[in-house]
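Here's the structure, in structure tokens; my notes come after.
The values are calculated or read from the model by the stated rules, or taken from the named source; none is laboratory data. The shown structure was predicted, so the numbers you read here are calculated from the model rather than taken from an experiment. So basically every Cβ, Gly included, is an ideal-geometry build from the backbone, and we count neighbours across all protein chains shown. When the accessible area is computed, the model is the full protein with side chains, heavy atoms only, and any ligands, DNA or RNA have been set aside. Shrake-Rupley method; radii C 1.70, N 1.55, O 1.52, S 1.80 Å.
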Amino acid sequence: MLLTEGQRISVNISLSTISCCECKGIFAVTDNAYRHYKDTGDSFNCPYCNTSQHYSKPEISVLKDRIKTLENTRKYYLEQLGKEKRSKIAIKGHHTRLKKRIVNGVCPCCNRTFKNLHLHMENQHPEFLED
């Protein structure tokens, strides 16, 4: 839209006022900008003294961040618990297989088969029994 001299334009803008924490001057920003500064904690400058200022993060943002941190921590510990359970199952399986081999007379050290495995272990592998 091209404007010519003498035309009138009507604009409706909603503003919110902010008081500078340094010089105590009062200035206005659009409502959208005001909400943005309040919600995000982003910095803005006072037009009078050029002091950078910001609103602290609102409590809801702090709580959302805390919830996200706790969820991530919970997820991490659940993953660790799963790894520990799988490791325990693997060790138990290994132990069971070794036990069955020994019951069947197979030496766990030299993998040879003996009718009297106990006597073989005492004579040939005493260090294994000490462990």
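General remarks:
- Ordering TYR76, ASN50, VAL62 by the projection of their Cα atoms onto the charge dipole of the stretch 7-109, which places +1 on the Cβ of Lys and Arg and -1 on the Cβ of Asp and Glu, puts TYR76 at the extreme positive end.
- Solvent exposure, largest accessible area first (probe 1.4 Å, DNA, RNA and ligands not counted), of ASP31, ASP39: ASP39, ASP31
- Net charge contributed by nearby residues that have their C-beta within less than 14 Å of LYS68 (K/R +1, D/E -1): +3
- Neighbourhood net charge (10 Å Cβ-Cβ; Lys/Arg +1, Asp/Glu -1) for PRO108: +2
- At q = 0.10, 0.14, 0.21 Å⁻¹, base-10 log of I(q)/I(0) for the stretch 8-130 (Debye sum, equal scatterers on each alpha carbon): -0.62, -0.84, -1.14
- Share of carbon and sulfur in the accessible area of the chain stands at 53%, probe radius 1.4 Å.
- Phi-derived couplings, Karplus 6.51 cos²θ - 1.76 cosθ + 1.60 at θ = phi - 60°, listed residue by residue for the stretch 3-20: 9, 10, 4, x, 6, 9, 10, 10, 10, 10, 10, 8, 10, 10, 9, 10, 9, 5 Hz, with x used for Gly and Pro.
- Residue-normalised accessible area of the chain, given per residue in Å² at a 1.4 Å probe: 87 Å²
- Pairs of lysine residues in the chain - Cα separation under 28 Å, sequence separation of 8 or more or cross-chain: 25
- Net dipole in debye of the chain [+1 Lys, Arg Cβ; -1 Asp, Glu Cβ; about Cα centre; nearest 20]: 1080 debye
- Rounded to the nearest 10 square angstrom, VAL11 shows an accessible area of 100 square angstrom against a 1.4 Å probe.
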